[in-house]
Ligand code: ACO
């Protein structure tokens, strides 16, 4: 069995925050942020917007482009690390989409690599599980976990959602050509938003004889060693894309577009120069949206498809990398 990508869509919150806006809340400035990261604006959830509303908007656009009815979707994979519900957002997306046949819907948590993991999972479900129409949604609202007093991290992130519709097809039309996925828990110390017990809590008391009930707990803000994450990305991403290309039996010169997780323009430049891929073939939209985690690849893909940059038959090497640490690549034809 083969699978092909037949539709994409994206959605961003209405509230736009510029570098100048950020300079009003932390000690930073437009020049520092633009030069070091390439980011100029980001979108942040506000009002009645939620991750679910963004995901649904992106999914409906993908379904419209694919000309697939919502009731023909048999699997929804929601790639996110910042769900509306700790137990998972995918079933809420299923309900909000109005799917009458209750397709299977679950979350995939792999930070900024989430969408690539989701795309590969969709292909495995189609090839091995008999699924026909799979919605892969990458959506994150890291604004929920950013420390807005930490100028080293809060300038980087934005909220968004992107989606693709992956459909089963005959093997000769297979357009998901190869993949290469990795994780390394040792690097977790460089990038995390860890679970932590509260220091004081009247509800529980670990000091009691039983150490029970447990203290109330929450997740801490995102912590990052930017330099380590930067070095990690520039080292592993070219290796992973090259491994995926080798599995597909394709040379790097056959790629029409390099579509990397949009973390930092200097990472995009570092990876493309190591791979000797001209900058005109590197998709970049992070100036407008910052790092939108699992949403960044489908958001950039959607913009590139709708603007006519990415055309039917083009070969795309997409790579995600981020917390976990996790990273991975896929080679697919649009
Ligand atoms: N504005 C002004 N000055 C700043 C800011 C800011 N926003 N942030 C840091 N600085 C200062 C620092 O205090 C430091 O000052 P000092 O030299 O007086 O000590 C100086 O600028 C340099 O700081 P560095 O942290 O060394 O700057 P660097 O060049 O490494 O850039 C950055 C930092 C942009 C975070 C970079 O390391 C990076 O982008 N790393 C990759 C991060 C990334 O992509 N993470 C996401 C992965 S995806 C995921 O899964 C979430």
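The values are calculated or read from the model by the stated rules, or taken from the named source; none is laboratory data. Given the structure is predicted, the values throughout are model-derived calculations rather than measurements. With ideal geometry, Cβ positions are generated from the backbone for all residues, glycine too; neighbour counts draw on all protein chains shown.
Considering only segment 16-35, I want to know if a residue exists there that is more than 16 Å from the ligand (Cβ to nearest atom), within 25 Å of residue 284 (Cα to Cα) and over 18 Å from the mean Cα position of the chain (by Cα). Give the derivation first.
We begin by selecting, within segment 16-35, every residue more than 16 Å from the ligand (Cβ to nearest atom); these are 16.
Keeping just the survivors that are within 25 Å of residue 284 (Cα to Cα) gives 16.
Filter once more, keeping what is over 18 Å from the mean Cα position of the chain (by Cα): 16.
Yes, there is a match, as at least one residue in segment 16-35 is more than 16 Å from the ligand (Cβ to nearest atom), within 25 Å of residue 284 (Cα to Cα) and over 18 Å from the mean Cα position of the chain (by Cα).
Looking across segment 215-259, the residues that are within 12 Å of the ligand (Cβ to nearest atom) and part of a strand (DSSP E or B) come down to 223, 224.
Is it the case that some residue within segment 124-138 is within 16 Å of the ligand (Cβ to nearest atom), within 15 Å of residue 166 (Cα to Cα), in contact with a strand residue (DSSP E or B) (Cβ under 7 Å, 6 or more places away or on another chain) and touching a residue at least 24 places away in the same chain (Cβ under 8 Å)?
Pass one, segment 124-138, residues within 16 Å of the ligand (Cβ to nearest atom): 138.
Next, only the ones that are within 15 Å of residue 166 (Cα to Cα) stay: 138.
Cutting the leftovers down to in contact with a strand residue (DSSP E or B) (Cβ under 7 Å, 6 or more places away or on another chain) gives us 138.
Next, only the ones that are touching a residue at least 24 places away in the same chain (Cβ under 8 Å) stay: 138.
Yes, the conditions are met somewhere in segment 124-138.
Determine, yes or no, whether residue 176 is more than 16 Å from the ligand (Cβ to nearest atom), in contact (Cβ under 8 Å) with a residue 12 or more places away in the chain and crowded, with 20+ Cβ neighbours inside 10 Å. Let's see the steps before the verdict.
Values: more than 16 Å from the ligand (Cβ to nearest atom): yes; in contact (Cβ under 8 Å) with a residue 12 or more places away in the chain: yes; crowded, with 20+ Cβ neighbours inside 10 Å: yes.
So residue 176 fits the description; yes.
All of 252, 233 fail the test of being at pLDDT below 95, touching a helix residue (DSSP H, G or I) at 6+ places or on another chain (Cβ under 8 Å) and closer than 15 Å to residue 319 by Cα, apart from 252. Tell me, please, whether a residue that is farther than 17 Å from residue 333 by Cα and surrounded by fewer than 16 Cβ atoms within 10 Å (Cβ to Cβ) can be found in segment 281-299. Yes, because at least one residue in segment 281-299 is farther than 17 Å from residue 333 by Cα and surrounded by fewer than 16 Cβ atoms within 10 Å (Cβ to Cβ).
Residue 134 fulfils the conditions (1) modelled with pLDDT under 95; (2) in contact with a helix residue (DSSP H, G or I) (Cβ under 7 Å, 6 or more places away or on another chain) except for a single criterion, (1).
Determine whether residue 1 is surrounded by fewer than 23 Cβ atoms within 10 Å (Cβ to Cβ) and either modelled with pLDDT of 95 or more or closer than 29 Å to residue 147 by Cα (or both). Criteria not met by residue 1.
Only one of the numbered conditions (1) within 16 Å of the ligand (Cβ to nearest atom); (2) over 28 Å from residue 287 (Cβ atoms) is violated by residue 151, and that is (2).
For (1) more than 14 Å from the ligand (Cβ to nearest atom); (2) touching a helix residue (DSSP H, G or I) at 6+ places or on another chain (Cβ under 8 Å); (3) over 25 Å from residue 107 (Cβ atoms), each residue gets a yes or a no:
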{"residue": "262", "(1), (2), (3)": "no, yes, no"}
{"residue": "270", "(1), (2), (3)": "no, yes, yes"}
{"residue": "294", "(1), (2), (3)": "no, yes, no"}
{"residue": "301", "(1), (2), (3)": "yes, no, no"}
{"residue": "306", "(1), (2), (3)": "yes, no, yes"}
{"residue": "315", "(1), (2), (3)": "yes, yes, yes"}
{"residue": "322", "(1), (2), (3)": "no, yes, no"}
{"residue": "326", "(1), (2), (3)": "no, yes, no"}
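Against the numbered list (1) modelled with pLDDT under 95; (2) out of contact with any strand residue (DSSP E or B) (no Cβ under 8 Å at 6 or more places or on another chain); (3) surrounded by 15 or more Cβ atoms within 10 Å (Cβ to Cβ), residue 215 comes up short only at (2). Cβ-Cβ under 6 Å, sequence separation 6+ or interchain: first residue in segment 27-48 and without any contact (Cβ under 8 Å) to a residue 12 or more places away in the chain and on the phi < 0 side of the Ramachandran plot, partner in a loop (DSSP other than H, G, I, E, B) and more than 6 Å from the ligand (Cβ to nearest atom). Which pairs? Here the result reads 29/23, each pair linking segment 27-48 to a residue that is in a loop (DSSP other than H, G, I, E, B) and more than 6 Å from the ligand (Cβ to nearest atom).
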